[in-house]
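See structure below.
Taken together, the values in this text are just the output of simple stated rules run on the coordinates, not laboratory data. No experiment lies behind these values; they were computed from the predicted model shown. Every residue, glycine as well, gets a Cβ built from its backbone with ideal geometry; the counts of neighbours run over all protein chains shown.
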C-alpha cells in the first residue's frame with residue numbers, strides 16, 4: 001500500500017489526476033434523466049475519465065479522481081441534496097471503477113479491460129441497489145427532508161409495480177446502472193487506445 005502510494009504521488013501522476021478530475025467534473029455537469037427512472041437518477045459520463053485514470057495509474061488513482069470530481073462539483077455547483085447525491089455518485093462510481101482498474105492492473109490487455117468493466121458494472125449495479133435501499137434514500141429523507149412517499153410515488157408514476165424502496169431499487173436502479181456501465185464501458189473502450197499514449201508519458 002505504501003509503495004503504491006509513493007508510485008501514485010509523483011509529480012507527473014498528480015498532474016494527470018488533476019487534469020482527469022477536471023474533465024470528469026465537466027462531464028458530470030452534462031447529466032440527463034432516463035425515461036425508465038425517476039428524474040433524480042441522472043445519467044452522466046464522468047466515469048469515462050475516472051476509468052481512464054484508473055487504467056493508466058491504478059485503482060487508487062480512480063478513487064482520488066472520483067473524489068476530486070465530487071469536491072469540484074460541490075465547490076462550483078453546490079448541492080441540492082445535502083450532499084447525498086454527491087455521496088451516491090462517489091460510492092457507486094468507485095464500485096464501477098475500482099474493480100475495473102484492479103483487474104486491468106493484473107493483466108494489461110484489451111480483453112482484461114473489457115472483463116474489468118463488466119465486473120465493475122455488476123459491482124456498481126449491486127452496490128447501487130444496496131446503497132439506495134439502506135443508505136442513500138434513507139439519508140435523503142433524513143437530511144434533505146424529502147418525504148419518502150414522494151420518492152416512491154415518482155417511481156410508481158413510471159412503473160405501477162413500485163410500492164416501496166426495495167421495488168424502486170430493483171425496478172429502476174438495476175437497469176439504470178447496467179445501462180450506465182455498458183455505455184461508459186463502450187465509450188472508454190473506443191477512446192482509451194487513442195488517449196493512453198498521453199496518459200503513459
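Figure the gain on full extension for residue 32 and residue 18 (residue separation times 0.36 nm, minus the Cα-Cα span) and round it to one decimal in nm.
2.5 nm
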A chain fully extended from residue 42 to residue 107 at 0.36 nm per residue, minus the present Cα-Cα distance, gains in nm 20.1 nm
Along the Cα→Cβ direction, 7 angstrom out, place labels at residue 186 and residue 163. What is the inter-label distance in nm? 3.6 nm
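With an 8 Å Cα cut-off and a minimum separation of 6 or more residues, compute the relative contact order for the range 62-197 in percent. Intermediate results must be reported in sequence, preceding the final value.
Values: 123 pairs, mean separation 31.6, N = 136.
Once divided by the residue count of the range 62-197, the mean separation gives 23 percent.
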What is the helix-to-structure angle for 110-131, meaning the angle in degrees between its Cα long axis and the longest Cα principal axis of the chain, kept from 0 to 90 and rounded to the nearest 10? 30 degrees
quick shape note, the chain: Cα extents on principal axes in Å, largest first -> 52, 35, 29
Could you grab the relative contact order for the range 1-111? Cα pairs under 8 Å, six or more apart, rounded to a whole percent. 26 percent
The range 100-193: Kirkwood hydrodynamic radius (Cα pairs, Å) comes out at 14.8 Å
Taking the Cα centroid of the range 20-61 and of the range 135-158, what is the distance between the two, rounded to the nearest whole Å? 23 Å
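Sorted by mean Cβ packing within 10 Å, highest first, what order do the peptides 59-72, 139-152, 100-113 take? Spell out each step's value before the answer.
Numbers: 59-72: 22.1, 139-152: 14.0, 100-113: 16.6.
Peptide ranking by packing, descending: 59-72, 100-113, 139-152.
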Tilt, helix 59-76 to longest principal axis of the chain (alpha-carbon atoms), in degrees rounded to tens, equals 60 degrees
